[in-house]
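Novice: Before we start, here is the structure in question, set down as structure tokens.
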Amino acid sequence: MIEAHRLTKRYGEKTAVDGLDFTVRPGTVTGFLGPNGAGKSTTMRMIVGLDAPTSGSVRVNGRRYAEHRAPLQEVGALLEAKSIHPGRSAFNHLMALAHTHGIPRSRVEEVIGLTGLQSVAGKRAGAFSLGMGQRLGIAAALLGDPATVMLDEPVNGLDPEGVLWIRNLLTGLAEEGRTVFVSSHLMSEVALVADHLIVVGRGRLLADTTVQDLVRQAGGDAVHVATADPARLREVLAGPGVEITGRAGAEELLVTGLTAREIGLKAAEHSIALFELSTRTVSLEEAFMDLTRDAVEYHGTTTGTTGTTGTPTTTGIETSRSAA
């Protein structure tokens, strides 16, 4: 379990993390989301003691990371895949870590097999691709068989097979009762593996919720209805937990709290003609973008030039909102 209480980190006048309160519980995959510059990496660094909080505290399994006598067996972390001596082989890198905790060679060989590194275990890590470097970093995180696993952007550089492997690994670790805390910019992957979400923006907590609830709040369970008698349909559908929105006198309504099937059956029961009945689909990415719209620090800009279609082209330049 990871517990943060009023966790704050300042660098001079810059507040990178601003009073975060959250708990990452065992037996579930918790996604850690936020735009670039939101404070995710700084928060993870404070969890494992690489950065000291300016104020507040963070505990892993009831203690500060530095207070654990065998930290690799408490929390396994991947924060930077390339933080490996380039001249050392994958096997020797893992053995060096194992010696610090009395971990046997058999466990090193086990995690090498688990992460698919058998064919390159004797090669220098400096020659590894980004994907192989990720696998080695994950092997190091799993080396102590920790109760808590924390991975920062673990699918970076992985091919489709590797992404599927990570997905199965994370869900498997959670099913074993471990605490799994993972950051990612790939919303589609987070939607597939995460049960709970912690979303931050500009260092502050924006949401501590489930994937389903975040999507629901963004209108993910809403049903679009068009009818010639909206006033009567409102009366028919009204009830506990049902919310109906729409302009007065307009034929179109947005209904939450009822499925399209339930709405259709109630309308038919009262002989109310429907012109349209469709479920609005909102992805986790759309819900995330909606939630973090005012917390994005860097925005792409469009130039005045156009392509052959006359549509403005987007540059690769990022512009800081604070400087705009």
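The values are calculated or read from the model by the stated rules, or taken from the named source; none is laboratory data. Please read all numbers here as calculations on a predicted model, not as lab measurements. A quick note on method: Cβ atoms are made from the backbone with ideal geometry, for glycine too, and the neighbour counts reach across all protein chains shown.
Novice: Only residues that are out of contact with any Ser or Thr (no Cβ under 8 Å at 6 or more places or on another chain) and surrounded by 16 or more Cβ atoms within 10 Å (Cβ to Cβ): list them for the range 60-79, please.
Specialist: Scanning the range 60-79 gives TYR65, HIS68, PRO71, GLN73, ALA77, LEU78.
Novice: Could you check the range 39-59 and list, in sequence order, the residues that are touching a His at 6+ places or on another chain (Cβ under 9 Å) and either surrounded by 19 or more Cβ atoms within 10 Å (Cβ to Cβ) or within 19 Å of PRO26 (Cα to Cα) (or both)?
Specialist: Correct list: VAL58, ARG59.
Novice: Same structure again: Please count how many residues of the range 142-182 are of a type in the set (Gly, Ala, Ser) and either buried (at least 23 other Cβ atoms within 10 Å of the Cβ) or in contact with a Ser or Thr (Cβ under 8 Å, 6 or more places away or on another chain) (or both).
Specialist: In the first step, residues of the range 142-182 are kept if they are of a type in the set (Gly, Ala, Ser); the result is 144, 147, 157, 162, 172, 174, 177.
Now narrow it down to the ones that are either buried (at least 23 other Cβ atoms within 10 Å of the Cβ) or in contact with a Ser or Thr (Cβ under 8 Å, 6 or more places away or on another chain) (or both): 147, 157, 174.
Residues in the range 142-182 being of a type in the set (Gly, Ala, Ser) and either buried (at least 23 other Cβ atoms within 10 Å of the Cβ) or in contact with a Ser or Thr (Cβ under 8 Å, 6 or more places away or on another chain) (or both): 3 in total.
Novice: Specify which of the listed residues (ALA207, ALA226) is in contact (Cβ under 8 Å) with a residue 40 or more places away in the chain and either under 13 Å from the mean Cα position of the chain (by Cα) or in a loop (DSSP other than H, G, I, E, B) (or both).
Specialist: ALA207
Novice: So which residues in the range 192-204 are surrounded by 19 or more Cβ atoms within 10 Å (Cβ to Cβ) and either of a type in the set (A, V, I, L, M) or over 24 Å from ARG6 (Cα atoms) (or both), if there are any at all?
Specialist: Hits for the range 192-204 are VAL193, ALA194, LEU197, ILE198, VAL199, VAL200.
Novice: Still on this structure, please answer the following. Can you go through ILE103, ILE112 and tell me which one is more than 23 Å from THR43 (Cβ to Cβ), part of a loop (DSSP other than H, G, I, E, B) and in the same structural domain as LEU33 (by TED's automatic domain parsing)?
Specialist: Details: ILE112 fails: part of a loop (DSSP other than H, G, I, E, B).
Of the residues listed, the single one that is more than 23 Å from THR43 (Cβ to Cβ), part of a loop (DSSP other than H, G, I, E, B) and in the same structural domain as LEU33 (by TED's automatic domain parsing) is ILE103.
Novice: Ok, one more. For residues that are over 21 Å from VAL155 (Cβ atoms), surrounded by 16 or more Cβ atoms within 10 Å (Cβ to Cβ) and touching a residue at least 40 places away in the same chain (Cβ under 8 Å), tally how many sit in the range 80-92.
Specialist: So the answer is 0.
Novice: When residues of the range 268-285 are filtered for being under 18 Å from GLY257 (Cβ atoms), of a type outside the set (D, E, K, R) and modelled with pLDDT under 80, how many remain?
Specialist: The number of residues fulfilling the criteria is 3.
Novice: Could you pull out every one of the strands (runs of 3 or more DSSP E) wholly within the range 11-63 that has 3 or more residues that are in contact (Cβ under 8 Å) with a residue 40 or more places away in the chain and either in contact with a Pro (Cβ under 9 Å, 6 or more places away or on another chain) or closer than 19 Å to THR209 by Cα (or both)?
Specialist: 14-24, 28-33
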